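K.L.:
What follows is a structure written as structure tokens; I'll ask about it next.
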Amino acid sequence: MTFFRFISLFFVISGIIVALLLYIDIRKHRQSMKIMEAVWPLSGLWGSWLALWAYYRLGRTKPTEPMHMDMNMNMNMDMPKHSNTSSMQMPGSTPPDWRQVTLSTLHCGAGCTLADILGEWFTYLIPLFIGGSILAGQWVLDYILALFFGIFFQYAAIQAMEHLPVKRALQKALKADFLSLTAWQAGMYGWMAIVMFGLFPNLALPKNSFEYWFMMQIAMCAGFLTSFPVNRFLIRKGIKHGM
């Protein structure tokens, strides 16, 4: 076994273990926003032990916390509908807290993660060509799925906070997450391009190998880094709510 294969094996299996640990713990510590119960295990698949740390640092709730948080959240989200008092914080007045941005980016990335997993395995089983290129077909499918799942995740978050009509909530979800989802996928594609054309130009890593999925884990990290500043901008401008 080569060192690269050993490292790949370690991180891919670690990601699966962390995702299972998060799933088990969340069943005992329910999230105030239900969609986050899917976000954390999906984040664990690529974030591994760092995602586990982030969960305990930022996401784990106390047994009595969810209802209290839901009440506060609903009160805060209802305020703009009835009041424009001067005490309300205007978009752009202060930079969002890093915790809010981190959670929002993980929430955004969970849809991308699910999309990339499904898209990669689909094109492994059924190759998809666009313009004669299997890579183009693969990445276009990944992007379409990322938009679909990402906007659904954002829609679920918006409905949990604001309870809007379906059409309006979907429009708001698209506006809130289109740029951040695109930024995440751009980071992911950027790293995988480096892998394919730089690190392994003469050796295509099989999609059913640990090495390939270890590179995909790093690609998700790259997606997080490129999406983080976009999420920060969107939250600061009031286009997107911080988590």
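The values are calculated or read from the model by the stated rules, or taken from the named source; none is laboratory data. Computed from a prediction, not measured in an experiment: that's the story for all the values here. Here Cβ is always computed from backbone atoms with ideal geometry, including for glycine, and neighbour counts include all displayed protein chains.
K.L.:
Just to check your reading of the model, which residue among 110, 157 is closer than 22 Å to residue 219 by Cα, buried (at least 18 other Cβ atoms within 10 Å of the Cβ) and either in contact (Cβ under 8 Å) with a residue 60 or more places away in the chain or basic (Lys, Arg) (or both)?
P.N.:
After ruling out the rest, the residue left standing is 110.
K.L.:
How many residues are farther than 18 Å from residue 46 by Cβ and touching a Lys or Arg at 6+ places or on another chain (Cβ under 9 Å) if we restrict to region 180-200?
P.N.:
Total meeting the criteria: 0.
K.L.:
Please verify whether region 51-62 includes one or more residues that are modelled with pLDDT of 95 or more, of a type in the set (A, V, I, L, M) and closer than 19 Å to residue 213 by Cβ.
P.N.:
Taking every residue of region 51-62 in turn, at least one turns out to be modelled with pLDDT of 95 or more, of a type in the set (A, V, I, L, M) and closer than 19 Å to residue 213 by Cβ.
K.L.:
Also: If you scan region 28-40, which residues turn out to be under 20 Å from the mean Cα position of the chain (by Cα) and not hydroxyl-bearing (Ser, Thr, Tyr)?
P.N.:
The answer is 30, 31, 33, 34, 35, 36, 37, 38, 39, 40.
K.L.:
Can I ask one more? Out of all the residues in region 152-173, is one or more part of a helix (DSSP H, G or I), under 11 Å from the mean Cα position of the chain (by Cα), hydrophobic (A, V, I, L, M, F, W, C) and closer than 21 Å to residue 36 by Cβ?
P.N.:
Yes - at least one qualifying residue is present in region 152-173.
K.L.:
Out of the residues in region 127-151 that are small (Gly, Ala, Ser) and part of a helix (DSSP H, G or I), state the one that is surrounded by the most Cβ atoms within 10 Å (Cβ to Cβ).
P.N.:
150
K.L.:
Name the one entry in 182, 105 that is at pLDDT 90 or above and surrounded by fewer than 23 Cβ atoms within 10 Å (Cβ to Cβ).
P.N.:
So the residue among 182, 105 that is at pLDDT 90 or above and surrounded by fewer than 23 Cβ atoms within 10 Å (Cβ to Cβ) is 182.
K.L.:
Now for a different question. Got a sec? Which of 142, 177, 97 is of a type outside the set (A, V, I, L, M), in contact with a Gly (Cβ under 6 Å, 6 or more places away or on another chain) and modelled with pLDDT under 95?
P.N.:
One residue alone meets the criteria, 177.
K.L.:
Which one of 14, 48, 8 is under 17 Å from residue 102 (Cα atoms), surrounded by 13 or more Cβ atoms within 10 Å (Cβ to Cβ) and not hydrophobic (A, V, I, L, M, F, W, C)?
P.N.:
48
K.L.:
Being surrounded by fewer than 19 Cβ atoms within 10 Å (Cβ to Cβ), in a helix (DSSP H, G or I), of a type in the set (Val, Ile, Thr) and modelled with pLDDT under 95 is the filter here, so list the residues in region 207-243 that pass it.
P.N.:
Scanning region 207-243 gives no hits.
K.L.:
Among 167, 175, 207, 237, which is out of contact with any Cys (no Cβ under 8 Å at 6 or more places or on another chain), within 23 Å of residue 2 (Cβ to Cβ) and among the basic types (Lys, Arg)?
P.N.:
Only one candidate qualifies: 207.
K.L.:
Separate question: Is it the case that some residue within region 189-206 is touching a residue at least 24 places away in the same chain (Cβ under 8 Å), assigned to a helix (DSSP H, G or I), out of contact with any Gly (no Cβ under 7 Å at 6 or more places or on another chain) and within 26 Å of residue 33 (Cα to Cα)?
P.N.:
no
K.L.:
Quick check on my filter: what residues within region 9-37 are touching a helix residue (DSSP H, G or I) at 6+ places or on another chain (Cβ under 7 Å) and not in a helix (DSSP H, G or I)?
P.N.:
30, 31, 32, 33, 34, 35, listed by residue number.
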